[in-house]
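To keep things clear, I will list the structure first and then write my remarks on it.
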Amino acid sequence: MSNIKEKLFTEFQAPTTQEWLDKIEVDLKGADFQKRLVWRTNEGFNVQPFYRREDLKDLKTPDALPGEFPFVRGNKKDTNEWYVRQNIVVTDPAEANKKALDILMKGVDSIGFKLGHAELSAEFIETLLKDIRLDCVEVSYRACMRHALQLADLLVAYFEKQGYDKEKIVGGVGFDPIERMLMKGKDSTMLLADMPKLVEKLKDYPNLRCVMVHSDLLNNSGAYIVQELGYALAWGNEYLQEMVDAGVDVDLAAKSIKFYMGISENYFMEIAKFRAARLLWAQIVKQYEPKCDCACKMVINASTSTYNQTVFDSYVNLLRSQTEAMSAALGGVHSMVVTPFDAPYEKPTDFSERIARNQQLLIKEESHFDRIVDPSAGSYYIEHLTDALAHEAWKIFLKVEEEGGFLEAVKKGSVQDDINATNVKRHGDAAKRKEFLLGTNQFPNFTEKSEGKEPMACDCSCKHTGDADVPSLKASRLASDFENLRLTTEKAAKVPTAFMLTIGNLAMRQARAQFSCNFLACAGYKVIDNLGFKNVEEGVDAALAANADIVVICSSDDEYAEYAIPAFKYLNGRAMFVVAGAPACMEDLKAAGIENYIHVKCNVLETLKEYNQKLGI
């Protein structure tokens, strides 16, 4: 056998970047390269249509190694294993224990117990944790923060009673006063004094973290990726500084912090986000001069977003959460929660929870995402995204520090204002279909009914009354406006019927009919498409025979001058008349009394609300 190693493709000469650009310019036929192919992201930087090795020459991230500072390539060297987590809301400890034991036999190896305002006691903890091997699985606990110290004492007593090896206890005790401020607008500053005490109580358990940064709250409130990342870093630094100022050892303080981050639908950028997060957090902790670089590791529990989940066509939520889970896995998170697809409208069922677990098991057991550490390393595109996100997030971090730190920024409301403004913008973009939600504002299921499904209200364990001390986040799912519109239509005495009067140019009438059907079905209207009519009278008569409430004429721009006004006059107010498109003759059509037009520049949501009003809904 020949020992000669042959380099493949040596007979081909690699084209230069300029040669690629020249070829693209030819293919664009004079169109502006920057406008047609360069993507301006919501995160504040441009993404090119292609990248080459030379684009990475000034970046340091490709030289990093797994498991080594600054941990951009992950905290582990030999595996990409993560914990498959499922959260359990505890109302009865015995029932919660039964459920935990059941799902631990079905692929879960991490439990998150949400205790709320439970009456804590030694008996409560023993009942909750009965037969759960805490040295084999990860378990996290979250009670009302005013009882965090009591919870820590009870857990330590239980661990000692069971004789557990302290090194093998993995999990967390949730303590995050700032999250409460962002959610409820209640000043929780006084609780920060408990943080050093909590860390002290759990210091002998190196893998039991107790100071949490819940930036997933920002994600679920509509924050862009760079906002979540920048504020998460500032949030974590606030807690780290508080602990160090209180006399907690730097290494212990840093190792007590755990980040809970969301995952949005932007597949590659989310992979880069987790890489950039570890990189920047390591640099922040390094400035406190810890004795060991291991203190600089960022431990992340990632949860798929609820912000883009929908009530209608809810099985599409599975597609969203699946790609989100893949992003987090490839990004190298410590643990992950996949939100069940039915969470927007009901308490998740056994079926939806099983599917959510299996979504993680699928990418683990069948796609082997747990085998390779940081498989995206070296990808020119992802390395660029990692660097760009790090730069933009760092700007946010520095801005917050200039305001006096994250806590001060939250008290002033600047963080909330920023996220709320983004939420408003994204709802506006969804209304105009600049941001797509499959099955909601784009390609809705024409025949779907709610069948009693109603959007769930926010179910927070902490209940508060009285005036807010600080501004709060105004969280609302991106689909909520369209869902409210569609539910309003569905509850009307008569659901409107929209009839496509297709006439003239075959290609244009079919394209505009399809566009119009999708447009009007977003409000839950019944839509009737047609193959085409010989004349407008035939089309109008067919529409009236179908009891149409809306007649949409679908043709070419040139032919509207011929067909639209005769059709409008023949209809004679017996139904709403709509023109599909924005033809050059629009002013002439308006002069004839035609006032309704639907096209790609329309605000879909506002247009449909207006139609509902005209139809008496």
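The values are calculated or read from the model by the stated rules, or taken from the named source; none is laboratory data. It should be emphasised that the depicted structure is a prediction, and the values quoted were computed from it without experimental measurement. Here the Cβ is made from the backbone with ideal geometry for all residues, glycine too, and neighbour counts use every protein chain on show. In case anyone asks, the SASA skips ligands and DNA or RNA and just uses the protein heavy atoms, side chains included. Shrake-Rupley method; radii C 1.70, N 1.55, O 1.52, S 1.80 Å.
What number does segment 397-438 give for Rg over Rh if you use C-alpha atoms and the Kirkwood radius?
Rounded to two decimals, Rg over Rh is 1.21.
If you stretched the chain out fully between residue 91 and residue 366, how much longer would it get, using 0.36 nm times the residue separation minus the C-alpha to C-alpha distance?
95.5 nm
Farthest toward the dipole's positive end in segment 1-131, which of 9, 120, 93, given Cβ charges of +1 (Lys, Arg) and -1 (Asp, Glu) about the Cα centre?
9
Once you place label points 7 Å from the Cα toward the Cβ at residue 398 and residue 8, how far apart are they in nm?
4.4 nm
What's the long-distance tail for segment 114-271, i.e. % of Cα pairs beyond 24 Å?
37 percent
At a 1.4 Å probe radius, which order do 10, 607 fall into by accessible area, largest first?
10, 607
So how compact is the chain: Cα radius of gyration and Dmax in angstrom?
Looking at the chain, its Cα Rg and Dmax stand at 28.3, 88 Å.
How would segment 47-86 be classified by its alpha-carbon gyration tensor: rounded, prolate or oblate, with rounded meaning a/c under 1.5 and the a/b versus b/c comparison settling the rest?
Oblate, since a/c reaches 1.5 and b/c is not below a/b.
Given the -39500 (n - 2.57) contribution per DSSP H run of 4+ residues, what per-residue ellipticity at 222 nm results for the chain, rounded to the nearest 500 deg cm²/dmol?
Counting only the DSSP helices, I get -13500 deg cm²/dmol.
Work out how much length residue 101 to residue 596 would gain on full extension: take 0.36 nm times their residue separation and subtract the Cα-Cα distance, in nm to one decimal.
Fully extending the segment from residue 101 to residue 596 adds 172.3 nm.
Determine the per residue accessible area of segment 547-610 with all protein chains present and a 1.4 angstrom probe, expressed in square angstrom.
Per residue, segment 547-610 has an accessible area of 46 Å².
Antiparallel versus total DSSP beta bridges in the chain: what percent is that, nearest 5?
5 percent
For a 24 Å ceiling on Cα separation, which of these pairs sit above it: 35/273; 161/297; 77/364; 297/395; 106/130; 258/291?
35/273; 161/297
Give me the extension gain from residue 451 to residue 203: residue separation times 0.36 nm, minus the current Cα-Cα distance, reported in nm with one decimal.
84.1 nm
Among 140, 202, 377, whose Cα projects farthest towards the positive end of the dipole of the chain, with charges put on the beta-carbon of Lys, Arg (+1) and Asp, Glu (-1)?
Checking the options against the dipole of the chain, the answer is 140.
Report, by chain and number, residues whose modeled amide H sits under 5 Å from the one on residue 88, excluding near sequence neighbours (fewer than 5 apart, same chain).
Residues meeting the criterion, in which the H sits 1.01 Å from N, are 112, 113, 114.
If R₀ is 51 angstrom, what is the calculated FRET efficiency for the pair residue 54 and residue 358, using the beta carbon separation as r and rounding to 0.05?
Efficiency, rounded to the nearest 0.05: 0.75.
I'd like the distance separating the alpha-carbon centroids of segment 57-122 and segment 371-385, in whole Å.
23 Å
Could you order 418, 194 so the one with the most accessible surface comes first? Probe is 1.4 Å.
418, 194
State the percentage of accessible surface on the chain attributable to carbon and sulfur atoms; use a 1.4 Å probe and exclude ligands, DNA and RNA.
Carbon with sulfur: 52 percent of the solvent-accessible area.
Can you pull the one-decimal nm distance between simple spin-label points at residue 488 and residue 469, each 7 Å off the Cα toward Cβ?
It is 3.8 nm.
Using the basic label-point model (7 angstrom from Cα toward the beta carbon), what is the residue 63 to residue 153 distance in nanometres?
A separation of 5.3 nm, rounded to one decimal place.
Each residue of segment 141-156 in order: what ³J(HN,Hα) in whole Hz does its phi give by Karplus 6.51 cos²θ - 1.76 cosθ + 1.60, θ = phi - 60°, with x for Gly and Pro?
9, 9, 10, 4, 4, 5, 10, 5, 5, 5, 4, 4, 4, 5, 5, 4
Sorted by packing (mean other beta-carbon atoms within 10 Å per residue), highest first, where do 372-382, 159-169, 307-317 land?
Put in order of decreasing packing, that is 307-317, 372-382, 159-169.
Please go through segment 27-75 and write out the trypsin sites (Lys or Arg not before Pro) that DSSP classes as loop and that have at most 16 other C-beta atoms within 10 Å.
Here the sparse-neighbourhood loop sites are 29, 52, 57, 60.
Could you work out the Rg to Rh ratio of segment 197-240, with Rh taken as the Kirkwood radius (inverse of the mean 1/r over all Cα pairs)?
Across segment 197-240, the Cα-based Rg/Rh ratio is 1.11.
Can you work out the accessible area per residue across segment 2-161, with the rest of the protein chains kept in place, probe 1.4 Å, in square angstrom?
Ligands and nucleic acids excluded, the figure is 63 Å² per residue.
Taking the Cα centre of segment 154-238 as origin and charging only Cβ (+1 Lys, Arg; -1 Asp, Glu), how large is the dipole, in debye to the nearest 20?
200 debye
Under a cut-off of 20 Å between alpha-carbon atoms, report the aspartates and glutamates in cross-link reach of residue 601, not counting same-chain residues fewer than 8 places apart.
Correct list for residue 601: 429, 435, 481, 557, 558, 587, 588, 610.
Relative to the Cα centre, what is the charge dipole magnitude of the chain, using +1 at the beta carbon of each Lys and Arg, -1 at the beta carbon of each Asp and Glu, and rounding to the nearest 20 debye?
With only Lys, Arg, Asp and Glu charged at Cβ, the dipole is about 400 debye.
Determine the shape class of segment 1-77: with a ≥ b ≥ c the square roots of the Cα gyration tensor eigenvalues, call it rounded for a/c under 1.5, and otherwise prolate if a/b is greater than b/c, oblate otherwise.
oblate
Can you order the peptides 249-257, 19-27 by their average number of other Cβ atoms within 10 Å per residue, highest first?
The densest-packed peptide leads the list: 249-257, 19-27.
Hey, can you grab everything whose amide H is under 5 Å from the amide H of residue 261? Only 5+ residues off in sequence or another chain; H modelled, so Pro and N-termini drop out.
The list, which skips near neighbours in sequence, is 216, 301, 302, 303.
Computed over the Cα atoms of segment 400-494, what is the ratio Rg over Rh, Rh following Kirkwood?
1.09
Just report the Cα centroid separation between segment 289-354 and segment 556-598, whole Å.
Each part reduced to its Cα centre gives a spacing of 48 Å.
Short version: ³J(HN,Hα) in whole Hz for each residue of segment 404-409, in order, from phi by Karplus 6.51 cos²θ - 1.76 cosθ + 1.60 (θ = phi - 60°), x for Gly and Pro, what are they?
x, x, 5, 4, 5, 5
Hey, if you put +1 on the Cβ of every Lys and Arg and -1 on every Asp and Glu Cβ in the chain, which of 256, 309, 182 ends up farthest toward the positive end of that dipole?
309
Using only C-alpha atoms and all pairs of different ones, pull out the Kirkwood radius for segment 230-297 in Å with one decimal.
12.6 Å
How much of residue 12 can a 1.4 Å solvent probe reach, expressed as accessible area in Å² and rounded to 10?
Accessible area, nearest 10 Å²: 130 Å².
Any chance you could check the Cα centroid distance between segment 410-427 and segment 231-249 for me, in angstrom?
23 Å
Report the net charge of residues surrounding residue 385, where surrounding means a beta-carbon distance below 11 angstrom and charges are Lys +1, Arg +1, Asp -1, Glu -1.
After counting each charged neighbour, the total is -3.
Enumerate the calculated ³J(HN,Hα) couplings along segment 427-436 in order (Karplus 6.51 cos²θ - 1.76 cosθ + 1.60, θ = phi - 60°), each rounded to whole Hz, writing x wherever the residue is Gly or Pro.
For segment 427-436, the Karplus-derived couplings read 5, x, 5, 5, 4, 9, 6, 6, 10, 8 Hz, x marking Gly and Pro.
Order the following by accessible area, largest value first: 501, 615. Probe radius 1.4 Å; ligands, DNA and RNA are ignored.
Most to least solvent-accessible, the answer reads 615, 501.
Please report the orientation-averaged projected area of segment 45-144, defined via the convex hull of its C-alpha atoms, in nm².
Quarter of the Cα hull surface area: 11.0 nm².
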